[in-house]
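Asker: This is the structure I have questions about; it appears just below.
The values are calculated or read from the model by the stated rules, or taken from the named source; none is laboratory data. For clarity, every value in this text was computed on a predicted model and none was experimentally measured. Backbone-built Cβ (ideal geometry, glycine too); neighbour counts: all protein chains shown.
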Amino acid sequence: MAGDHYFEWHSQHHHYPIVTILFSIHPGFHFPSPKVQFNNHPHYSCPSIIITWWNRPTDLPTETKEYLLNLEEQLDRDLFLFIAHLEGFILSFYYPVNPYNLHTNQPFHPQLPPFLPHTPANPFTTPLVTER
């Protein structure tokens, strides 16, 4: 399971993004908690948030929510619906897909990242560093 999920919140006045969020999910990101980076979008020059982790977070990271609420005050724009949409996106990921949710309506929350198998070193490669 890996992939990117990209969201933009557009202004009603000029229809350009006010903020963008990218969830980058990859089993190789073995962090104890999601990593959040705050940047400016290279094309729109609006705030851009990148959240990386081995799975979709079970909740919107606190620093992301606080950043969006501060941005809401600075821009005098309502970002409450955007935050609610992101939280709904996260929550919907953990619910079973039909017809498997007939007996349970509990979300599935994996506790650990997937196991990465150990790949032994190739004995036929040339070492990059020689020991002396």
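Asker: Filtering the range 75-119 down to residues that are over 24 Å from Ser33 (Cβ atoms) and of a type in the set (Val, Ile, Thr), which residue is modelled with the lowest pLDDT?
Answerer: Of everything passing the filter in the range 75-119, Thr104 is modelled with the lowest pLDDT.
Asker: Okay, moving on. For residues that are closer than 17 Å to Glu72 by Cα and of a type in the set (Phe, Trp, Tyr), scanning just the range 1-60, find the one that is farthest from the chain's Cα centre (by Cα). Quick ask: steps written out before the conclusion?
Answerer: Taking the range 1-60 first, the residues closer than 17 Å to Glu72 by Cα are 7-21, 38-40, 45-49, 60.
Filter once more, so that each one left must be of a type in the set (Phe, Trp, Tyr): 7, 9, 16, 38.
Working: Phe7: 10, Trp9: 16, Tyr16: 22, Phe38: 12 Å.
Only one residue fits best here, namely Tyr16.
Asker: Go through the range 45-98 and give me each residue that's touching a His at 6+ places or on another chain (Cβ under 9 Å) and in contact (Cβ under 8 Å) with a residue 60 or more places away in the chain.
Answerer: Of everything in the range 45-98, those that are touching a His at 6+ places or on another chain (Cβ under 9 Å) and in contact (Cβ under 8 Å) with a residue 60 or more places away in the chain turn out to be Trp54, Phe89.
Asker: Sort through Phe93, Phe29, Phe89 and tell me the only one that's of a type in the set (Phe, Trp, Tyr) and farther than 30 Å from His118 by Cα.
Answerer: Details: Phe93 fails: farther than 30 Å from His118 by Cα; Phe29 fails: farther than 30 Å from His118 by Cα.
Residue meeting the stated conditions: Phe89.
Asker: Can Phe38 be described as in contact with a Phe, Trp or Tyr (Cβ under 7 Å, 6 or more places away or on another chain), in a loop (DSSP other than H, G, I, E, B), surrounded by 11 or more Cβ atoms within 10 Å (Cβ to Cβ) and of a type in the set (Phe, Trp, Tyr)?
Answerer: No.
Asker: So, Glu66, is that one at pLDDT 70 or above, of a type in the set (Asp, Glu), surrounded by 11 or more Cβ atoms within 10 Å (Cβ to Cβ) and not in a loop (DSSP other than H, G, I, E, B) or not?
Answerer: Details: at pLDDT 70 or above: yes; of a type in the set (Asp, Glu): yes; surrounded by 11 or more Cβ atoms within 10 Å (Cβ to Cβ): no; not in a loop (DSSP other than H, G, I, E, B): yes.
Here the answer is no, as Glu66 does not meet what is asked.
Asker: Exactly one condition in (1) under 16 Å from Ser11 (Cα atoms); (2) surrounded by 13 or more Cβ atoms within 10 Å (Cβ to Cβ); (3) of a type in the set (Phe, Trp, Tyr) is false for Trp53; which is it?
Answerer: Unmet condition: (1).
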